[in-house]
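The values are calculated or read from the model by the stated rules, or taken from the named source; none is laboratory data. What you are looking at is a predicted structure, and each value in this text was computed from that prediction instead of being measured. FYI the Cβ positions are ideal-geometry reconstructions off the backbone, even for glycines, and counts take in every protein chain you see.
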Amino acid sequence: MKTIILCGGRGMRLQEETEFRPKPLIPIGGRPILWHIMKTYAHYGFREFVLCLGYRGEMIKDYFLNYEAMSSDFTIRLGHQYSLNYNDAHREQDFVVTLAETGLETMTGGRIKQVERYVEGDTFMVTYGDGVADIDIEALVEYHQQHGRLATVTAVHPVSRFGMLTLDDNSAVLNFTEKPQIEGWVNAGFFVFSRKVFDYLAGDDCFLEQEPLERLAREGELMAYKHHGSFYAMDTYRDYKFLNELWDREQTPWKKWE
């Protein structure tokens, strides 16, 4: 089953980093967040990816073109008898990655529609290139197959960016909770779609999160997989610093692989 990863946005709220590179290449612990996302899927046996490129997409292409050399020791013979031998076997040996240019200004639905030709079979997955979670991808796919609708979105409780106070009638603070989860559910990505969802996408200005998902919901074809574990989106420089602090402290619930 193919996993489409949306990698084309400009990341305007993270300009401290995206001025120099696309958001999916911003590192957590020395590895791009895109790598962390792909490793999560691969841990559950899903190793075929289609990357929808846009802003600074050539840098993502360079990353994968040079992956073998940058991930292994190698021996090179220069000159007329040129040869190159990699001395190590990294753990991404069987990843199959299609890198597709989908335009600078194309919206999320338009990007997905453009890569339809790279998707075989009746079911495929989609996620964003800037969020990590300790989600059980196998359970997500099983949930989608069991309910039989066209689309599944992963829902999470949002985390407040502020400390929450509980006050009494005299304004005394009874309780203080730093960045708690709050009520309600939000879209975390990690979608599973039937191939028929491609029919809901039209044009480069198609925004997946508007008309397509709204229409699927109206028609009763959209189900939510409730994820009660961790989810972290890298939206701001503060998020970038926080995720790297978690990595340094080895508090990385999304790291399921060895």
Q) Looking at (1) modelled with pLDDT under 90; (2) in a loop (DSSP other than H, G, I, E, B), can you tell me which one residue 256 breaks? A) (1)
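For every residue, the table says whether it meets (1) free of Cβ contacts under 8 Å to residues at least 60 places away in the same chain; (2) more than 30 Å from residue 247 (Cβ to Cβ); (3) in contact with a strand residue (DSSP E or B) (Cβ under 7 Å, 6 or more places away or on another chain); (4) surrounded by 15 or more Cβ atoms within 10 Å (Cβ to Cβ).
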site	(1), (2), (3), (4)
57	yes, no, yes, yes
70	yes, no, no, no
77	yes, yes, yes, no
84	yes, yes, yes, no
89	yes, no, no, no
122	no, yes, yes, no
128	no, no, yes, yes
153	no, no, yes, yes
Q: Taking residue 80 as the residue in question, decide whether it is part of a loop (DSSP other than H, G, I, E, B) and in contact with a helix residue (DSSP H, G or I) (Cβ under 8 Å, 6 or more places away or on another chain).
A: no
Q) Which of the residues that make up region 84-105 are closer than 17 Å to residue 129 by Cβ, among the small types (Gly, Ala, Ser) and not in a strand (DSSP E or B)? A) 103
Q | Restricting region 127-154 to residues that are of a type in the set (A, V, I, L, M, F, W, C) and closer than 18 Å to residue 215 by Cα, the residue that is farthest from the chain's Cα centre (by Cα) | A | 150
Q) Among the residues of region 133-150, which ones are over 25 Å from residue 33 (Cα atoms) and not charged (D, E, K, R)? A) 143, 144, 145, 146, 147, 148, 150
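Residues checked against (1) touching a helix residue (DSSP H, G or I) at 6+ places or on another chain (Cβ under 9 Å); (2) surrounded by 16 or more Cβ atoms within 10 Å (Cβ to Cβ); (3) over 27 Å from residue 138 (Cα atoms); (4) modelled with pLDDT of 95 or more:
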{"position": "184", "(1), (2), (3), (4)": "no, no, no, no"}
{"position": "190", "(1), (2), (3), (4)": "yes, yes, no, yes"}
{"position": "193", "(1), (2), (3), (4)": "yes, yes, no, yes"}
{"position": "199", "(1), (2), (3), (4)": "no, no, no, yes"}
{"position": "203", "(1), (2), (3), (4)": "yes, no, yes, no"}
{"position": "206", "(1), (2), (3), (4)": "yes, yes, yes, yes"}
{"position": "215", "(1), (2), (3), (4)": "yes, no, no, yes"}
{"position": "230", "(1), (2), (3), (4)": "no, yes, no, no"}
Q.
Going through 61, 113, 39 one at a time, which residue ends up being crowded, with 17+ Cβ neighbours inside 10 Å, more than 28 Å from residue 248 (Cβ to Cβ) and of a type in the set (Lys, Arg)?
A. 113
Q. Applying the selection to region 33-77, what residues are over 29 Å from residue 110 (Cα atoms), among the aliphatic types (A, V, I, L, M) and in a strand (DSSP E or B)?
A. 76
Q.
Being farther than 23 Å from residue 256 by Cβ and in contact (Cβ under 8 Å) with a residue 12 or more places away in the chain narrows it down to one residue among 99, 140, 65; which is it?
A. 99
Q) Considering region 15-32 alone, what residues qualify as being part of a helix (DSSP H, G or I) and more than 15 Å from the chain's Cα centre (by Cα)? A) 15, 16, 17, 18
